[in-house]
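Worksheet: the structure to be examined is printed underneath.
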Amino acid sequence: MRGNIALRIIARNMMHFVLSGILAIISVYFLIWLADTLTSGYNDLRYWVYRLLSVTGREIPVVTIGILLFVVYFCIFQWRYYRYAGQMSRSIHHISEGHFNETIAVQAQHPLGHIARDTNMLIDKLKNSLEDERRAEQTKNELITNVSHDLRTPLTSVLGYLGLIVQDRYRDEVELRHYVQIAYEKSQRLHVLIQDLFEYTRMRHDAIPLKMVQFSLNEMLGQLLVQFHPQLEQSQMEASFTSKEKDLAVTGDPAKLVRVFENLLSNAITYGHEGRRVDIRLWRERDAAVVEIVNYGEPISAVDLPYLFDRFYRIDKSRTAEKTSGGSGLGLAIAKSIVERHRGTIIAASDSQSTSFTVRLPMTLPEPRSNELTGNGNGNGNGNGTDAGVGVGINEKMS
């Protein structure tokens, strides 16, 4: 009967009605006995009482007293019952004024108790929804601020150098070509930032379904090392690929997953070039493939680690230090979105010896939702190494 409040209220009222009648009858008999006992030594008083009863009849006073007692008892029972309803009403009114931290007291045995419980659950959900709305508004404002800031920096440079060219404020053709080259580089950075922002937005809104195929992670990672050979050489770094599986195949969208490993490897080169080495390890762990990319450069502080995958977050807080920070600040956020679309996880760890990013992907996936994302696979990393130098070793190992 939990879901039928009317039946519970009727049952409770019937119980109160019966109890009130029983108590009224008991009370009437008790009062008759008490009156008889108290007047046993007063014959004159008993005489006048009997004369009064002979005129009115004995039933009328007894019934009248019984009805009065019944009404009193029934009101007492009902008052206790409806008092809780009044408390609920006052609490709900108080909460409706915006006091969402308040709750309604729950009386489990009361017919309205589950309504109070459900109302508290509704209040919690409403409070969470309002909090989510506040966070969404804050996130939107932060996004607008960060995008405006990151777009303004290269755009200002482009406009500045193009302005110098339009005003003929250059000495010779060499300086003109220098200005054009700078404007072109800044435009390229602006293009990368817009592409990353568009890619991240599409992922967050599940724009396109993933194109799921089975492919070899060994082959993908090996090709990536060949692709990054020039950057590794320029940074005077060596790369090592070690796999415990001869051919580890997973089901996923290779065009999107390659974006993840491009970003991680690019970051390893950019921020770990002081360690002169990047290790890529691949192994199978139960029903998942695990890829670990390790560099031995400057460690990431424990303060920065929890925020690495937040959009626009950079370890280098100077947003204008483009040569150091390199990327748009969206690379790791995009990588995390892609991995999570594949039902996987990505985590970062860092200590005084090394910094590692570990990607865990399920070997097989359920049928993807129709609105899941795919992309063109043309994503860029979050910056490239720029230190001049020679010498690079790429070692592939199978163990």
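The values are calculated or read from the model by the stated rules, or taken from the named source; none is laboratory data. Not measured: the values here are computed from a predicted model. Methodologically, a virtual Cβ is constructed for each residue, glycine included, from the backbone with ideal geometry; neighbour enumeration extends over all protein chains shown.
Some notes on this structure:
- Restricting 197, 190 to residues that are within 30 Å of the chain's Cα centre (by Cα), crowded, with 16+ Cβ neighbours inside 10 Å and outside any loop (DSSP other than H, G, I, E, B) narrows the list to 197.
- Candidates 38, 23 - the one that is over 25 Å from residue 106 (Cβ atoms), modelled with pLDDT of 70 or more, touching a helix residue (DSSP H, G or I) at 6+ places or on another chain (Cβ under 7 Å) and not small (Gly, Ala, Ser): 23
- Qualifying residue in region 200-212 (condition: at pLDDT 90 or above, part of a helix (DSSP H, G or I) and surrounded by 13 or more Cβ atoms within 10 Å (Cβ to Cβ)): no
- Test: residue in region 179-186 that is within 30 Å of residue 80 (Cβ to Cβ), out of contact with any helix residue (DSSP H, G or I) (no Cβ under 7 Å at 6 or more places or on another chain) and not assigned by TED's automatic domain parsing to the domain that holds residue 257: no
- Every condition in (1) free of Cβ contacts under 8 Å to residues at least 24 places away in the same chain; (2) closer than 20 Å to residue 335 by Cα; (3) crowded, with 16+ Cβ neighbours inside 10 Å holds for residue 179 except the one numbered (2).
- Inter-residue pairs, beta-carbon under 8 Å, first on the phi < 0 side of the Ramachandran plot and touching a residue at least 24 places away in the same chain (Cβ under 8 Å) and in region 112-124, second in a helix (DSSP H, G or I) and among the hydroxyl-bearing types (Ser, Thr, Tyr), 6+ apart: 112/84
- Residue count for region 66-86, restricted to those that are at pLDDT 80 or above and either in contact with a strand residue (DSSP E or B) (Cβ under 9 Å, 6 or more places away or on another chain) or over 19 Å from residue 18 (Cβ atoms) (or both): 1
- Residue, surrounded by the fewest Cβ atoms within 10 Å (Cβ to Cβ), within region 239-289, restricted to residues that are under 16 Å from residue 331 (Cβ atoms) and basic (Lys, Arg): 259
- Selection of region 100-155 for residues being farther than 30 Å from residue 183 by Cβ, small (Gly, Ala, Ser) and assigned to a helix (DSSP H, G or I) yields 113, 116, 129, 136.
The rows are residues; the columns are (1) out of contact with any Lys or Arg (no Cβ under 9 Å at 6 or more places or on another chain); (2) of a type outside the set (Ser, Thr, Tyr); (3) more than 14 Å from residue 197 (Cβ to Cβ).
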site: 141; (1), (2), (3): yes, yes, yes
site: 144; (1), (2), (3): yes, yes, no
site: 149; (1), (2), (3): no, yes, no
site: 156; (1), (2), (3): no, no, yes
site: 163; (1), (2), (3): no, yes, yes
site: 166; (1), (2), (3): yes, yes, yes
site: 169; (1), (2), (3): yes, yes, yes
site: 173; (1), (2), (3): yes, yes, yes
site: 176; (1), (2), (3): yes, yes, yes
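- Residue within region 290-311 that is part of a helix (DSSP H, G or I), buried (at least 17 other Cβ atoms within 10 Å of the Cβ) and either out of contact with any strand residue (DSSP E or B) (no Cβ under 9 Å at 6 or more places or on another chain) or of a type in the set (S, T, N, Q) (or both) present: no
- Scope region 213-264; condition part of a loop (DSSP other than H, G, I, E, B) and without any contact (Cβ under 8 Å) to a residue 60 or more places away in the chain; matching residues: 228, 245, 247, 248
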